[in-house]
Amino acid sequence: MEKRKLILFIATSLDGYIATKEENLDWLFEVEGEDDNGFSRFYEKVDTVLMGRRTFDWVNRETDDYPYQDKSSYVFTRSKGSAHHSAQFITNHTRFFISNLKQQDGKAIWLIGGGELLSFCLKENLVDEIIVTVAPKIIGSGIPLFREGVNQIDLTLHHVDTFNQFVELHYTVDQKA
């Protein structure tokens, strides 16, 4: 049985930021895309979403209804006592939890964000694919896609696609033995 893949699917500015320092994404929606820029196609391939607490809080602030109700959702946090009708909160054993999840039957797993969870997953060699959609915007500062201190990771370009002004880069992570 082939294990499930953990895939980072995210958009970034050309200078490598996923949001402004104020967690604003307005710059991203100022760019002319094409349909939903490949999101629906990707979303059909996953049945599970993983995110950090700050990302979860942002999603709930910015949307009326939790957008991933049709997927198994896991939120990684240090806070105790968290509860949500559509998401399960994970407070410890992150590596074991994700490794176990990857061994279960199912579709791919979407690593939505945030920076701490992404850095952890990269350092622990848990990420199998990285799909980055680059917007033709330079925003100057903000929340970086990759935090400082992530080990060198070798990637192999799998596919490139364009959605009007956006470029989607699809990489596989060269797994270390």
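Rule-based calculations on the coordinates, nothing more; no lab input. Quick caveat: nothing in here was measured; it's all calculated off a predicted structure. Neighbour counts are summed over all protein chains in view; Cβ atoms, including those assigned to glycine, are modelled from backbone coordinates with ideal geometry.
The charge dipole of the stretch 78-177, taken about its Cα centre with unit charges on the Cβ of Lys, Arg, Asp and Glu (plus for the first two, minus for the last two), comes to roughly 440 debye.
For the stretch 6-173, averaging the sequence separation of C-alpha pairs within contact (under 8 Å, six or more residues apart) and dividing by the residue count gives a relative contact order of 38 percent. Applying the criteria of a DSSP loop state and at most 15 other Cβ atoms within 10 Å to the trypsin sites (Lys or Arg not before Pro) of the stretch 25-123 yields Lys45, Arg78, Lys80, Lys107. Work from the charge dipole of the stretch 6-173 (Cβ charges, +1 for Lys and Arg, -1 for Asp and Glu, about the Cα centre) and give the residue of Tyr43, His85, Trp58 farthest towards its positive end. Projecting each Cα onto the dipole axis, the largest value belongs to His85.
Would you please state which residues of the stretch 21-45 a label at Gln165 would reach in this model, taking the label point 7 Å out along Cα→Cβ and a backbone N cut-off of under 19 Å? Within reach of a label on Gln165: 24-39.
Neighbouring Cβ atoms within 10 Å as the yardstick, rank Ser86, Ser119 fewest first.
Details: Ser86 13, Ser119 17.
Neighbour counts put them in this order, fewest first: Ser86, Ser119.
Mind checking which of Asp65, Asp161, Asp57 has the largest fluctuation in a GNM of the chain, springs on alpha carbons under 10 Å? In this elastic network of the chain, the residue with the biggest mean-square fluctuation among Asp65, Asp161, Asp57 is Asp65.
With R₀ set to 22 Å, the beta-carbon distance separating Glu34 from Leu155 gives a calculated FRET efficiency near 0.35. In this structure, the amide hydrogen of Gly16, modeled 1.01 Å from its nitrogen in the peptide plane, lies closer than 5 angstrom to no residue at least 5 positions away or on a different chain.
A cut-off of 5 Å between modelled amide H atoms, ignoring neighbours fewer than 5 places along the same chain, links Ala11 with Thr133. About the centre of its Cα atoms, the chain shows a dipole size close to 1000 debye [charges on the beta carbon of Lys, Arg (+1) and Asp, Glu (-1) only; nearest 20 debye]. Residues whose amide H falls under 5 Å from that of Ser73, counting only those 5 or more places apart or on a different chain, are Val49, Gln88, with hydrogens built in the peptide plane.
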